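Single-structure report; data block below.
The values are calculated or read from the model by the stated rules, or taken from the named source; none is laboratory data. These numbers were taken from a predicted model, which means no experiment stands behind them. Glycine also receives a Cβ, built like all others from the backbone with ideal geometry; neighbour counts cover every protein chain displayed. To get the accessible areas, we keep the full protein, side chains included, count just its heavy atoms, and leave off ligands, DNA and RNA. Shrake-Rupley method; radii C 1.70, N 1.55, O 1.52, S 1.80 Å.
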Amino acid sequence: LSAAIQAPRGTLDVLGEDAARREAVEAHARRILSAAGYHRIETPAFESTELFSRTVGETSDIVQKEMYTFTDAGGRSLTLRPEGTAPTCRAYLEHGMHKLPQPVKLWYVSTFFRAEAPQKGRYRQFWQVGAECIGSGQPEVDAELIVVLAELLQAVGIRDTELHLSSLGTPETRAEYREELIAFLRAHADEVSDEVRARFEQNPLRAFDAKDSATIQTMQHAPKLIERLTGEDAEHFASVQGLLDEVGLAYTVDPTLVRGLDYYTRTVFEFKSQALGAQSTVGAGGRYDGLIAQIGGPDTPGCGWASGVERMLLSSGEIPVAAPVVDLYVAVAGDRAVPRAFRLACDARRAGLGVQLELSRRALRRQLTQADRLGARYVAIVGDSDPAALREMASGEQAELELAGVIPTILRGSRLT
Ligand code: HAM
């Protein structure tokens, strides 16, 4: 006997109760995002590798070591999408959405792929609910997106989140600050971890992300980008904060907030949950005013977020989910009754009822147990000729009637006896 095939490392099957909870998350996302004017978008599961290397960034962890990249038969380098912002912007550009009234608001719930070391809340294929607002650089866009994400997290039962907020300014401010930070890290090179020392010349900002205490302590004294913001950037950041204050949404300005993607400009934010352990960020995002130009389009501002579905499920308590309604369980009394039972189940569904047909040819007594377990309102016991029996489960009342009378009786909801 050969070994049984298992799912690839870092992936998960969605089953039973978990599938129902996910559907509830999706339903909340659809309701909240549609009400805020977002339209659903779906993009391909793979894209040109270049789309991500140009935007997410050559020096980011994602591009350097986490992408599932392959060459297709035509010699093209393709990558399973590690995130949804660059693909959404690619679609915006490719379909001329700049001709629509601006901004264009799009949302998705899709799978993404990153070859990360799997742990609680971190998978190689995962789901995100995401929202992108493209075509306006105003601070009310950033604030609205943040409030909408807070509302979604609240709706799915995540109560203990903390909102961290920062600003990365413009690429120019960042470039100057980058040199300043590299100089600081050179001066303190013997105080930081080997990993940080090896990479800071390439990507000094990631030093703020380090988890070891020596680096954390050193970085507390490092210059902060937020102290170097120029006039308009500082004003934009102040406006975003003012709008959040306006609606009483609490946040912490966190100058050490680093995002793992290079396309951000100005506002960045993360919602963290204590329930999650090491992978504490539930949802995160920010502004990306340079992204569309990076992929060959006109200068177009944009802002958005994505929230991990698995992490939302891990950090939420009970999400109220409605169990599927079973109006009728069709029990089969003997093999020769299968065609009549089958017809009744199909007809009843067409009449709008929630119907489960006995599919395992169990003994009748065990069929009734199964119907009870599913919470069926009625059970029809169908033999190979009339009459059939119809039992109302709550009252235990049972009546004999013609097969043709079963559906009308249930639809009328009339008493059986
Ligand atoms: P991100 O921070 O890379 O941002 O991912 C957003 C969220 O996706 C994370 O906070 C987390 O909940 C979830 N996530 C990320 N990686 C994994 C993983 N390996 N396993 C499980 N969940 C994961 C982005 O992806 C940006 N596109 C967000 C954005 C949209 N920025 C602007 N617009």
Anything in the range 297-310 that is not aliphatic (A, V, I, L, M) and not in a strand (DSSP E or B)? List them, or say none. G297, P298, D299, T300, P301, E310
Mind checking which strands (runs of 3 or more DSSP E) fall wholly inside the range 311-417 and carry at least 1 residues that are open to solvent by 50 Å² or more (accessible area, probe 1.4 Å)? 355-357, 388-392, 398-401
Would it be correct to say that A337 is touching a residue at least 12 places away in the same chain (Cβ under 8 Å) and either away from the ligand (no atom under 16 Å from the Cβ) or acidic (D, E) (or both)? yes
Restricting attention to the range 142-172, which residues are more than 18 Å from the chain's Cα centre (by Cα) and either among the aliphatic types (A, V, I, L, M) or open to solvent by less than 10 Å² (accessible area, probe 1.4 Å) (or both)? D142, A143, L165, S166, S167, L168, G169
Counted residues in the range 42-79 being more than 21 Å from D209 (Cβ to Cβ), in contact with a Lys or Arg (Cβ under 9 Å, 6 or more places away or on another chain) and open to solvent by 20 Å² or more (accessible area, probe 1.4 Å) come to 7
Positions within the range 273-290 being modelled with pLDDT of 95 or more, more than 9 Å from the ligand (Cβ to nearest atom) and either within 24 Å of E151 (Cα to Cα) or out of contact with any Asp or Glu (no Cβ under 9 Å at 6 or more places or on another chain) (or both), in sequence order: none
Considering only the range 296-310, how many residues are under 16 Å from S136 (Cβ atoms) and either among the hydrophobic types (A, V, I, L, M, F, W, C) or buried (at least 21 other Cβ atoms within 10 Å of the Cβ) (or both)? 6
Quick check: anything in the range 35-49 more than 21 Å from the chain's Cα centre (by Cα) and part of a helix (DSSP H, G or I)? yes
Give the residues of the range 295-327 that are within 14 Å of the ligand (Cβ to nearest atom) and over 18 Å from T267 (Cβ atoms), sorted by residue number. G308, V309, E310, R311, M312, L313, L314, S315, S316
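So that you can scan it fast, the table gives a plain yes or no per residue for (1) in a helix (DSSP H, G or I); (2) of a type in the set (A, V, I, L, M); (3) without any contact (Cβ under 8 Å) to a residue 24 or more places away in the chain:
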position: R9; (1), (2), (3): no, no, no
position: D13; (1), (2), (3): no, no, yes
position: D18; (1), (2), (3): yes, no, no
position: R22; (1), (2), (3): yes, no, no
position: E26; (1), (2), (3): yes, no, no
position: A29; (1), (2), (3): yes, yes, no
position: I32; (1), (2), (3): yes, yes, no
Taking the range 87-114 as the search range and keeping residues that are farther than 14 Å from R40 by Cβ and within 9 Å of the ligand (Cβ to nearest atom), which one is least open to solvent (accessible area, probe 1.4 Å)? F112
Does V258 count as touching a Gly at 6+ places or on another chain (Cβ under 7 Å), of a type in the set (A, V, I, L, M, F, W, C) and within 11 Å of the ligand (Cβ to nearest atom)? no
Assess whether V330 counts as being at pLDDT below 95 and more than 16 Å from the ligand (Cβ to nearest atom). no
Suppose the filter is part of a strand (DSSP E or B) and within 16 Å of the ligand (Cβ to nearest atom); does S53 pass it? no
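Residue-by-condition table, conditions (1) in contact with a helix residue (DSSP H, G or I) (Cβ under 7 Å, 6 or more places away or on another chain); (2) of a type in the set (D, E, K, R); (3) away from the ligand (no atom under 16 Å from the Cβ); (4) closer than 21 Å to E132 by Cα:
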{"residue": "R186", "(1), (2), (3), (4)": "no, yes, yes, no"}
{"residue": "S193", "(1), (2), (3), (4)": "yes, no, yes, no"}
{"residue": "P204", "(1), (2), (3), (4)": "yes, no, yes, no"}
{"residue": "A214", "(1), (2), (3), (4)": "yes, no, yes, no"}
{"residue": "I226", "(1), (2), (3), (4)": "no, no, yes, no"}
{"residue": "L229", "(1), (2), (3), (4)": "yes, no, yes, no"}
{"residue": "R266", "(1), (2), (3), (4)": "yes, yes, no, yes"}
Mind telling me which of the residues G260, G285 ends up being touching a Phe, Trp or Tyr at 6+ places or on another chain (Cβ under 9 Å) and either over 22 Å from E180 (Cα atoms) or open to solvent by less than 30 Å² (accessible area, probe 1.4 Å) (or both)? G285
Step by step: first the residues of the range 115-141, then only those that are near the ligand (Cβ under 10 Å from one of its atoms) and among the acidic types (D, E), then the one that is most open to solvent (accessible area, probe 1.4 Å). Which residue is that? E116
